[in-house]
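Structure first, commentary second.
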Amino acid sequence: WSGNYWSDYLGWDLDDSGIGDTAHEPNDAMDHLLWRHPTARLLMQSPAVLALRWVQRQFPVFRPPGVRDSAPLMSEIDLTIKEGEMLALLGHNGAGKTTIMKLILGLIAPSSGHVDVLGGAPDGPHAERLRRQLGYLPENVTFYEQLTGREVLTYFARLKRADRHQVTVLLERVGLVEAADRRVKTYSKGMRQRLGLAQALLGS
């Protein structure tokens, strides 16, 4: 692909072409590294990294040069999803699929327009109640590896204030009953993904 899909995409213009060059490949490589070695996440919060982020916030001159696409390929989206409907988001890297998910989850706010999820803005006062109603399964899931599958689900049920009786039902639903009392570190990637699906289905 060439060009940017969202007008608010800020990238590093490494070759002075006027197009942001923050490559998806390095981001993907970092994601895979952190998936294989979760303890590497500690580096992301190291004093050195935090200090660099503080310097960039205080002194913008130290930031890499950013560019803003003057003619984005996708500048707005307008859709309504009704109860019982399913929606698939398809598109190239950078098309905005993850951005849309973050908007729905309330992790970021729209720069213009509005998002309404189950009767309210996901990034406003409605957020606390909404987050107990939403389930989300990311591409790569990471759990506390010393806990068992049952303990992980019980922990998330408490966070979502969901009925803990759902835990056993969901473990059966995703086919993890026999592994429910094994530590997550012994799970295969597929088993972790199924545990993540059970976590996303907690609540209502």
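Taking square-rooted eigenvalues a ≥ b ≥ c of the alpha carbon gyration tensor, is the stretch 164-204 rounded, prolate or oblate, where a/c under 1.5 means rounded and, failing that, a/b exceeding b/c means prolate? Don't skip to the end; give the middle numbers.
On the way: a/c = 2.12, a/b = 1.52, b/c = 1.40.
Cα axes put the stretch 164-204 in the prolate bin.
Can you pull the one-decimal nm distance between simple spin-label points at ARG129 and VAL177, each 7 Å off the Cα toward Cβ?
The modelled label-to-label distance comes out at 3.7 nm.
In terms of the Cα gyration tensor, with a ≥ b ≥ c the square roots of its eigenvalues, is the stretch 77-116 rounded because a/c is under 1.5, prolate because a/b exceeds b/c, or oblate? Present the calculation step by step, with values, prior to reporting the outcome.
On the way: a/c = 1.76, a/b = 1.07, b/c = 1.64.
It comes out oblate by the Cα gyration axes.
Which translational diffusion coefficient, to the nearest whole µm²/s, is obtained for the stretch 135-204 from the Stokes-Einstein equation, given a Kirkwood hydrodynamic radius over C-alpha pairs, 20 °C and 1.002 mPa s? Can you show the working numbers first?
Working: Rh = 11.6 Å.
Rounded to a whole number, D works out at 185 µm²/s.
Using a ≥ b ≥ c from the Cα gyration tensor of the stretch 75-204 (square roots of the eigenvalues), is it rounded, prolate or oblate, where a/c under 1.5 gives rounded and otherwise the larger of a/b and b/c decides, a/b for prolate? Don't jump to the answer; show the numbers that get you there.
Details: a/c = 2.34, a/b = 1.74, b/c = 1.34.
Prolate shape, in that a/c is at least 1.5 and a/b is the bigger ratio.
What ³J(HN,Hα) values, in whole Hz, does the Karplus curve 6.51 cos²θ - 1.76 cosθ + 1.60 give for the stretch 100-116 when θ = phi - 60°, with x put for Gly and Pro?
4, 4, 5, 5, 5, 7, x, 6, 9, 9, x, 6, 7, x, 8, 10, 10
Expressed as a rounded percentage, what relative contact order does the stretch 93-174 have, with Cα pairs under 8 Å and six or more residues apart? Display every interim value, and only then the final one.
Details: 47 pairs, mean separation 14.2, N = 82.
Once divided by the residue count of the stretch 93-174, the mean separation gives 17 percent.
A short reminder: the numbers here are calculations on the coordinates, not readings from a lab. Just so we're clear, the structure is a prediction, and the values are computed from it rather than from any experiment. Because the Cβ atoms are built from the backbone with ideal geometry, glycine has one as well, and the counts that use them run over all protein chains shown.
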